[in-house]
């Protein structure tokens, strides 16, 4: 017979309940609260003047019952397809924009609309507060989160001559990007904290 | 007297098995799966139009046996190269596992063209990140999928310039510092590797 601590090890001092982290290639990840399937990104997406989902950013998630905070983080790459690529982003939960997640990204204007060199990594994130007394999705606060909520990142471009594409490599291997080099897959992270 | 489980609660369902993180300054870090020594970056690195290993990016890693996913993130600084025609610093980065390129992680990053090849101002922190999936039925490293990972495998980044002499890049570089040209130890920035193994 072993020691009692072999069967009942001391509790971890970590307040992390679970972590979902994956590259968006269609994989399924099982954690304590369930199995989650990430989107499968196989191409890039050009921006328009209307908001649309960045592929790879969506997850329908239910945190563990004792979660008090949930981090959503979406790491992706954007590239200019028109001058400086001024573009706007936000985190959406169940169809509601979280106002304070709003971000605008852009490169410097080249002085010429014909130069589309700028391309960078960026991230959208929000830490949901599950200790609120009532739901306030606009602020990312919830009193009760016991069923799936759909979280995603949406984007649009500022205007046509300053266009942007997400998950995009404009150049690769010394030339214009082709084939599998035209896109790069983003990653999604969920961390539930107690 | 309370219940036994009040005194010895079950471990959390935390899915993180271990995190290996360090600055590429030659340090050694011990985690449950072993001791790992990081590269030692002491200078910036100019690129060329052929792929070369990015200094500080290589690490040879064996995850814990119960790992289902391994995340590798390499954060570094890039600059437009401080030479005539350097301008926007377009460069390509590629992730390799044991010598095989993981194509979906390919990235091309750059600042925007300034309108003048003599303005080499673009300067950013960049990163490349990929989460290897160890739950596959067979190895498909080009897509970052493995059936098992029980022996040491080298993870590294390779990079090249888009072209020459135009739009060249340099990495780990600070061109400016304290309102003037960088000098001494301020001319380079050591990158960071973060590996997380998940069950």
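Points to keep in mind about this one:
- Remark: pairs (first residue in segment A:179-194, surrounded by fewer than 24 Cβ atoms within 10 Å (Cβ to Cβ); second residue assigned to a helix (DSSP H, G or I); Cβ separation under 6 Å; 6+ apart in sequence or on different chains) = A:180/B:103.
- Verdict on residue A:55 being within 8 Å of chain B (Cβ to nearest Cβ), in a loop (DSSP other than H, G, I, E, B) and either at pLDDT 95 or above or at positive phi (or both): no
- Verdict on residue A:78 being more than 23 Å from residue A:182 (Cα to Cα) and crowded, with 16+ Cβ neighbours inside 10 Å: no
- Of all residues in segment B:134-147, exactly one satisfies the criterion of being within 11 Å of another protein chain (Cβ to nearest Cβ) and under 14 Å from residue B:62 (Cα atoms), namely B:134.
- For segment A:141-194, the set of residues classified as assigned to a loop (DSSP other than H, G, I, E, B) and farther than 23 Å from residue A:106 by Cα consists of A:142, A:143, A:144, A:145, A:146, A:147, A:148, A:173, A:174, A:178, A:194, listed by residue number.
- The set of residues in segment A:35-46 being surrounded by 13 or more Cβ atoms within 10 Å (Cβ to Cβ) and within 12 Å of chain B (Cβ to nearest Cβ) consists of A:36, A:38, A:41, A:42, A:44.
- Among the residues of segment A:93-107, the ones that are out of contact with any helix residue (DSSP H, G or I) (no Cβ under 8 Å at 6 or more places or on another chain) and buried (at least 21 other Cβ atoms within 10 Å of the Cβ) come to 1 in all.
- Those residues of segment A:108-133 which are under 13 Å from the mean Cα position of the chain (by Cα) and surrounded by 15 or more Cβ atoms within 10 Å (Cβ to Cβ), in sequence order: A:121, A:123, A:124, A:126
- Hits in segment A:172-182 - residues which are facing chain B (nearest Cβ under 8 Å) and farther than 15 Å from residue B:160 by Cβ: A:180
- Subset of segment B:87-105 that is in a loop (DSSP other than H, G, I, E, B) and surrounded by fewer than 24 Cβ atoms within 10 Å (Cβ to Cβ) - its residue that is nearest to the other protein chains (Cβ to nearest Cβ): B:102
- Scanning segment B:108-121 turns up one or more residues that are in contact with a helix residue (DSSP H, G or I) (Cβ under 9 Å, 6 or more places away or on another chain), within 9 Å of chain A (Cβ to nearest Cβ), buried (at least 21 other Cβ atoms within 10 Å of the Cβ) and part of a strand (DSSP E or B).
- Tally, over segment B:13-40, of residues that are in a strand (DSSP E or B) and touching a residue at least 24 places away in the same chain (Cβ under 8 Å): 11
- Take the conditions (1) more than 13 Å from chain B (Cβ to nearest Cβ); (2) touching a helix residue (DSSP H, G or I) at 6+ places or on another chain (Cβ under 6 Å); residue A:169 misses just one of them, which is (1).
- Restricting segment B:174-198 to residues that are surrounded by fewer than 17 Cβ atoms within 10 Å (Cβ to Cβ) and in a loop (DSSP other than H, G, I, E, B), the residue that is nearest to the other protein chains (Cβ to nearest Cβ): B:179
- Condition met for residue B:128 (outside any loop (DSSP other than H, G, I, E, B), within 22 Å of residue B:81 (Cβ to Cβ) and in contact with a helix residue (DSSP H, G or I) (Cβ under 8 Å, 6 or more places away or on another chain)): yes
- Looking only at residues of segment B:148-168 that are in a strand (DSSP E or B) and within 10 Å of another protein chain (Cβ to nearest Cβ), we find that the one that is surrounded by the fewest Cβ atoms within 10 Å (Cβ to Cβ) is B:160.
The values are calculated or read from the model by the stated rules, or taken from the named source; none is laboratory data. In this text, all values refer to a predicted model and were calculated from it rather than measured experimentally. Don't worry about glycine lacking a Cβ; one is built from the backbone with ideal geometry, like all the others, and counts go over all protein chains shown.
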